[in-house]
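Have a look at the structure below, then the notes.
Each reported figure results from applying straightforward, stated rules to the coordinates on display, with no laboratory input. Remember, it's a predicted structure, so these values are computed and weren't measured experimentally. FYI the Cβ positions are ideal-geometry reconstructions off the backbone, even for glycines, and counts take in every protein chain you see.
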Amino acid sequence: RFRTASDCETIVHLYEEHGPDAVARLNGMFALAIWDRTLERLVLARDRLGIKPLFYSSVGPRGFGFASEIKALLAARMSRREVDPDALLHYLSCGYVPGTDTIYRDVHRLAPGELLVLDPRGLRRRPYWTLEPGAPLRSRTAAAEELRALLTAAVREHLVSDVPVGVFLSGGIDSSVVSTLAAASAGPLSTFSVTFPEDPIFDEARFSRQVARRIGSLHTEIPLTRAQILSAVPPALDHLDEPFADPSLVPSFEIAREARRHVKVVLSGDGADELFAGYAKHLGEVYAAWAPRPLVWLLGQAASVAPAGRGNRLEETVRRLGRLADGGGIADTGRRYARWAKVCGEAEVRALVPDLSPRRTATDLFAAEALRFGALDHGDRINRMLYTDTRLGLPGDMLAKVDMASMANALEVRVPFLDHRVVEHAFRIPGRWKIGAMRGKRILRQAFRDVLPPEVVRRGKRGFEPPVGEWFRRELRDLFRDVVGTGGRFLPCVRRDAVEALYTQHLTRRADRSKELWALFALHWWATRNGVGL
């Protein structure tokens, strides 16, 4: 019998019936804790894909603590605030701390799809769900039809709410699919997009407008000038519990704040890139399979003498060619992927923090995940990369960013692509149906081409990130110089001359160092705001 009007009570009764295994019967996003007073048993669980975070710590006589934010554990003095050197090195490599570690030695992250039980017998962790793909599908048409049916059902279920639900609509195929399905299920709804009027290469306004007109949504555009974005940097970075170097956190923070003025719940297209091969590094894997080594070397030489950056399409092309050449000559899929996913290369990390040496590099982590999928799959290199994305980059970077930006603004973001039934189906789809020589997400385009504007179906991936490279040459130049220049108080463990070398390369356009510089900038911001000595 129910004693409250809360839907959360369902979980309690499910636990009464099935014990800790009850979490395997849940669908959706959650981070939960159940205290069983009779058995003196605490159960913690995190959703299958890591949409919501859950941290825990055990510090001597203070006992055991858990929270959805690290700052709560720090406030409860459940951490000694000692930085884990390996985690710091992994952050510099990846732009986030991957896996179950955090930046603090004694604070840990529950893995996606994992269950923790603490009782008088001790602490035990085990997975309640693992991504183990079934046999590959044989019919591309049937795969597309089933994908459409599963995603349609997922969107419909994600629309269930006591309050109005909106959609983040960038104009890319992922958010366009979600918006179209949501409008078909719920009728007219509110959609929200960010525009960059001063930086046309990053602006996707015309595509989001096409979709909004087609589905009849009440569309709100949030124009972000450079001045507005820069003013959003402090509040966005102030919410960091640990170093985090994805600059798209800043526009994500702004769009969440604006959307919260209109709705309390929004759907987003997050997760589709990781399931259906939407990133440039996935195209790189296709090219690496057939490009002769001498050609890869020539591309690298050409890219090394041309200006690289993100300020225009030529610079963007040069930057991508350079990254392709950087990893294309590596034979192992996991290590090649790690090279493309990096923020700082291993040589750069050694130059920045020469006194630290990792027990296990970030490259080792990526290679191990790719190898794990290699033991499960059917020899599919693309799906091996996507599995690594789903295990590491998705929860560590993309979903963490969305959760930070939305929760800071009291906005709930739901991600239909990460319904576990959609995910399990996606990994039965052969990689060759997901990506070709020119663009990714082929199966997604096939499944929804009849309900989307043709231009949206045809267009390639455009990342949701601000023009950080130009910021460091213009608006952020003085601030960054103040941090790393003569007299600046930069982090003691980081060699200032190595930072200066990266910055000089970036200013002179010898190389695009925006990722490395932003990682250092965010690290310094986090450390100074949290009183952490490095």
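With N denoting the number of residues in the range 167-206, provide Rg(C-alpha) divided by 2.2 N^0.38 Å, to two decimal places.
On the way: Rg = 11.4 Å, N = 40, 2.2 N^0.38 = 8.9 Å.
So the range 167-206 has a normalised radius of gyration of 1.28.
Among the aspartates and glutamates, select those whose C-alpha is under 12 Å from the C-alpha of Lys281, and discard any that sit fewer than 8 residues away in the same chain.
Lys281 reaches Asp273, Asp326, Asp389.
Using 7 Å Cα-to-Cβ label points, what is the Ala72/Asp482 separation (nm, one decimal)?
About 3.5 nm, to one decimal.
Quickly work out the Val59-to-Leu507 label distance, labels modelled 7 Å from Cα along the C-beta direction, and quote it in nm with one decimal.
Between Leu507 and Val59, the simple spin-label model gives 4.1 nm.
How would the range 132-221 be classified by its alpha-carbon gyration tensor: rounded, prolate or oblate, with rounded meaning a/c under 1.5 and the a/b versus b/c comparison settling the rest? Write down the numbers at each step before the final one.
Numbers: a/c = 2.51, a/b = 1.48, b/c = 1.70.
Cα axes put the range 132-221 in the oblate bin.
In what order do Ser217, Ser139, Ser68 fall by count of nearby beta-carbon atoms within 10 Å, going from fewest to most?
Numbers: Ser217 23, Ser139 9, Ser68 16.
The order, fewest Cβ neighbours first, is Ser139, Ser68, Ser217.
If R₀ is 30 angstrom, what is the calculated FRET efficiency for the pair Ala142 and Asn27, using the beta carbon separation as r and rounding to 0.05? Please report the intermediate quantities before stating the final value.
Values: r = 24 Å, r/R0 = 0.79.
My answer for the efficiency is 0.80.
Straight-line reach from Lys71: which aspartates and glutamates fall under 17 Å, measuring Cα to Cα and dropping same-chain residues less than 8 apart?
Glu82, Asp84, Asp101, Asp106, Asp238, Asp241, Glu242, Asp403
Given H placed 1.01 Å from N in the peptide plane, which residues other than close sequence neighbours of Val194 have an amide H under 5 Å from its amide H?
Ile222
Quick one: the Cα spread of the range 9-127 along its three principal axes, in angstroms, biggest first?
45, 33, 23
Please rank Phe196, Phe30, fewest neighbouring Cβ atoms within 10 Å first, as an exposure proxy.
Values: Phe196 20, Phe30 16.
In increasing order of surrounding Cβ atoms, one gets Phe30, Phe196.
Which whole-number percentage describes the relative contact order of the range 197-270, with Cα contacts under 8 Å and a sequence gap of 6 or more? Provide the component values of the computation, followed by the final result.
Values: 24 pairs, mean separation 19.8, N = 74.
For the range 197-270, the relative contact order is 27 percent.
When the convex hull of the Cα atoms of the range 1-65 is projected onto a plane and the area is averaged over all directions, what value comes out in nm²? Can you show the working numbers first?
Details: hull surface 22.4 nm².
Seen from a random direction, the Cα hull of the range 1-65 projects 5.6 nm² on average.
Hey, fewest Cβ within 10 Å first, where do Glu285, Glu346 land in order? Present the calculation step by step, with values, prior to reporting the outcome.
Details: Glu285 24, Glu346 17.
So the ranking, lowest neighbour count to highest, is Glu346, Glu285.
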